[in-house]
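Data block below; observations after.
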Amino acid sequence: MKAIYPFAVLLCFLLSISCSTESEMNVLPPPTNITVRMIDMFHLMFKWDSSDANCTQEYTITLLTFDPKDLFVRVIEKTWVELKIDLIYHQLDINNITATIKAKCNDKSSESVTKSHLQLAPGDREAVVRNVTCVWHYMDTISCTWLPREDTPSNIQYRLFYWENPKTLPESPRLQDLVHSGTECQDYFPSDGTYSGCKFRFEYMLKDSKQLMFAVTDASYTAKPFLYFAKANDIVKFRSPVITHVQVNGTYVYINWTMSPHHMASSLPHGFIFEVHDGWNEPKQIYNALYTSIPYTGNTLRIKVRVKFSPSSESNIFWSDWSKESVVEGKDKTTTSILLLILIPVVVIILAVLLLVYLKRLKILICPPIPNPGKIFQHDFNENWLKSRRSENVCNKPKEEEISPVSLLVA
């Protein structure tokens, strides 16, 4: 028994070393030296160093941008050591990015979390604007609006800068270099002593497929700028269509409309979505056509049309305003008109008879008589005094005087 005990201890020691070595072999060192920078106005480049491993590594990159009210997560799987992010597609807040990179190799895995703040846009985060929205109105003017935060200092005056299409940047661009390279908007909207929006001319065709970057910051560059990325085609808002023809044929209504010649001449061969609303049913969507037909059930229809440009399913959210309504009268209109023509005279005659019958009562109720005190006194005097049975001498005769002697007594 004593000879077996040392052997058992040695066996346990060897097993523990083997387990520890196997555990260390299953741990893959995490990626290192994670860096991020803007390579042009619309793309971020993430790079990192991979660990030494005798296998093909796969990376899962999770990007988180934090705002007091918003949290965005993007998970992308890659098999190489760099990642190019399209800012127009992902809409990242590049002022605060957390990159989580997880490396995998067969049954080995590791995870490394690194916070990388892009120093392209330093400044006071408490003064950054919110709810920035830009719309390309009628393909000739871009209008951008924003809201300052509630605790923004009153002396801050915001400015809007914009850029068109990608522009290569230096390795370490500064905020001043970025802002000074953009075009400043000039036509601002004042609100409560500060600017809350701006518009500028932007006359291009849809086929140009312009890309835009907007930066809203203050005149002294102390506020952290809000960066907004968009494709011009994704923020376009057209003029309302014009309904040119509406015809009822049996059980269907056929509708034709047109758009501004400028819009149609500059458009791509696809991408238009129209909505036709008849006032009863859900709007009907029409793709790339200027006509449609809808069922006709005999009800009065109020037809209107609107349009947006959206080559992909959710790229544009800006619909045009509704067109002017075109009314299709229902089949029951004739019957209703006849009933009204009969009922209205009957009602008028009945009202006239009632007025003639109750005219005197209505006159008393509407215009009551004014009291006349003279007539009332004369009536009461005649009734109560002159026609009474009393004697004409209405006054009683005085009684005879009685004289009593008075004696003076002197003490």
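Do we find that Thr258 is over 26 Å from Ser320 (Cβ atoms) and β-branched (Val, Ile, Thr) in this structure? Judged against the criteria, Thr258 is not a match.
I need the full set of residues from segment 184-210 which are open to solvent by 70 Å² or more (accessible area, probe 1.4 Å) and either free of Cβ contacts under 8 Å to residues at least 12 places away in the same chain or of a type in the set (Val, Ile, Thr) (or both), in order please. Across segment 184-210, the qualifying residues are Pro190, Asp192. In segment 48-61, the qualifying residues are those that are among the charged types (D, E, K, R) and either under 33 Å from the mean Cα position of the chain (by Cα) or exposed (fewer than 15 other Cβ atoms within 10 Å of the Cβ) (or both), and the one that is nearest to Glu82 (Cα to Cα) is Asp49.
Strands (runs of 3 or more DSSP E) fully within segment 216-331 that include at least 3 residues being open to solvent by 40 Å² or more (accessible area, probe 1.4 Å) and among the charged types (D, E, K, R): 301-309.
The set of residues in segment 283-330 that are acidic (Asp, Glu) and at pLDDT 90 or above comprises Asp321, Glu325.
Of all residues in segment 169-222, those that are of a type in the set (Val, Ile, Thr) and modelled with pLDDT under 80 total 2.
When Pro122, Pro166 are screened for being modelled with pLDDT under 80, touching a Phe, Trp or Tyr at 6+ places or on another chain (Cβ under 7 Å) and not polar (S, T, N, Q), only Pro166 passes. Determine if segment 62-79 includes at least one residue that is surrounded by fewer than 14 Cβ atoms within 10 Å (Cβ to Cβ) and modelled with pLDDT of 75 or more. No, the conditions are met nowhere in segment 62-79.
The values are calculated or read from the model by the stated rules, or taken from the named source; none is laboratory data. Small disclaimer: the values here were computed from a predicted structure and weren't measured. We place every Cβ from the backbone using ideal geometry, glycine too, and count neighbours over all the protein chains shown. SASA here: full protein model, heavy atoms, side chains in, ligands and nucleic acids out. Shrake-Rupley method; radii C 1.70, N 1.55, O 1.52, S 1.80 Å.
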